[in-house]
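Read-outs throughout are calculated quantities, based only on the coordinates presented, and are distinct from any laboratory measurement. This one's a predicted model, so the numbers in the text were calculated from it and none came from an experiment. Quick reminder, even Gly has a Cβ in these numbers, built from the backbone with ideal geometry, and neighbours come from all protein chains shown.
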Amino acid sequence: MEIVLFELKEGTDKLRFCEAAAALSEVLETGVSGFKGRTLLHTPNEIQWTDIIYWTDMDMALAAMVQLKSEPAFQNFVSMIDSREITQRHLIPTNLNM
């Protein structure tokens, strides 16, 4: 699982950002191997955002980042994010049924 915490650039139109997120989701669903699902969340005041992306495995997640860098939908999406306010984590589930 990949979790990205971020804030939008000041003045970013929230509707335009959500449209960009939807366009990126379509690219992920149709053209990126290993993509399993995505949830985009925000705080009530829409200042902090969290993008949770599920991948088949870590290798697929890392390969997707390389692939997406040249994808216009990804570039449009990230162009609205304040690059000073990004925290990204790749997480591996723990088996609790030991």
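Among the residues of the range 37-45, is any surrounded by 13 or more Cβ atoms within 10 Å (Cβ to Cβ) and under 11 Å from the mean Cα position of the chain (by Cα)? The answer is yes, given that some residue of the range 37-45 is surrounded by 13 or more Cβ atoms within 10 Å (Cβ to Cβ) and under 11 Å from the mean Cα position of the chain (by Cα). Out of curiosity, is MET98 surrounded by 12 or more Cβ atoms within 10 Å (Cβ to Cβ) and among the hydrophobic types (A, V, I, L, M, F, W, C)? It is false that MET98 is surrounded by 12 or more Cβ atoms within 10 Å (Cβ to Cβ) and among the hydrophobic types (A, V, I, L, M, F, W, C). How many residues does the range 81-98 contain that are of a type outside the set (Val, Ile, Thr) and assigned to a strand (DSSP E or B)? Of the residues in the range 81-98, 3 are of a type outside the set (Val, Ile, Thr) and assigned to a strand (DSSP E or B). Of all the criteria given as (1) crowded, with 17+ Cβ neighbours inside 10 Å; (2) more than 14 Å from MET1 (Cα to Cα); (3) touching a residue at least 40 places away in the same chain (Cβ under 8 Å), the one not satisfied by VAL32 is (3). Residues of the range 84-95 that are surrounded by 10 or more Cβ atoms within 10 Å (Cβ to Cβ) and more than 12 Å from the chain's Cα centre (by Cα): GLU85, LEU91. Checked against the criteria, ILE52 counts as surrounded by 14 or more Cβ atoms within 10 Å (Cβ to Cβ) and either under 14 Å from the mean Cα position of the chain (by Cα) or in contact (Cβ under 8 Å) with a residue 40 or more places away in the chain (or both).
With respect to LEU40, determine if the residue is of a type in the set (A, V, I, L, M), free of Cβ contacts under 8 Å to residues at least 40 places away in the same chain and in contact with a helix residue (DSSP H, G or I) (Cβ under 7 Å, 6 or more places away or on another chain). So LEU40 fits the description; yes. When both residues are 6+ apart or on different chains and their Cβ atoms are under 8 Å apart, which pairs have a first residue that lies in the range 65-90 and is farther than 17 Å from GLY34 by Cα, and a second that is surrounded by 14 or more Cβ atoms within 10 Å (Cβ to Cβ) and of a type in the set (Ser, Thr, Tyr)? Taking only residues 6 or more apart or on different chains, the pairs are MET80/THR12. Looking only at residues of the range 19-29 that are small (Gly, Ala, Ser) and in contact (Cβ under 8 Å) with a residue 24 or more places away in the chain, we find that the one that is surrounded by the most Cβ atoms within 10 Å (Cβ to Cβ) is ALA20.
Examine the range 55-73 for a residue that is surrounded by fewer than 15 Cβ atoms within 10 Å (Cβ to Cβ), of a type in the set (Gly, Ala, Ser) and under 13 Å from the mean Cα position of the chain (by Cα), and state whether such a residue exists. No: the range 55-73 contains no residue that is surrounded by fewer than 15 Cβ atoms within 10 Å (Cβ to Cβ), of a type in the set (Gly, Ala, Ser) and under 13 Å from the mean Cα position of the chain (by Cα).
Within the range 30-38, is even one residue under 30 Å from GLY11 (Cβ atoms) and aromatic (Phe, Trp, Tyr)? No, every residue in the range 30-38 fails to be under 30 Å from GLY11 (Cβ atoms) and aromatic (Phe, Trp, Tyr).
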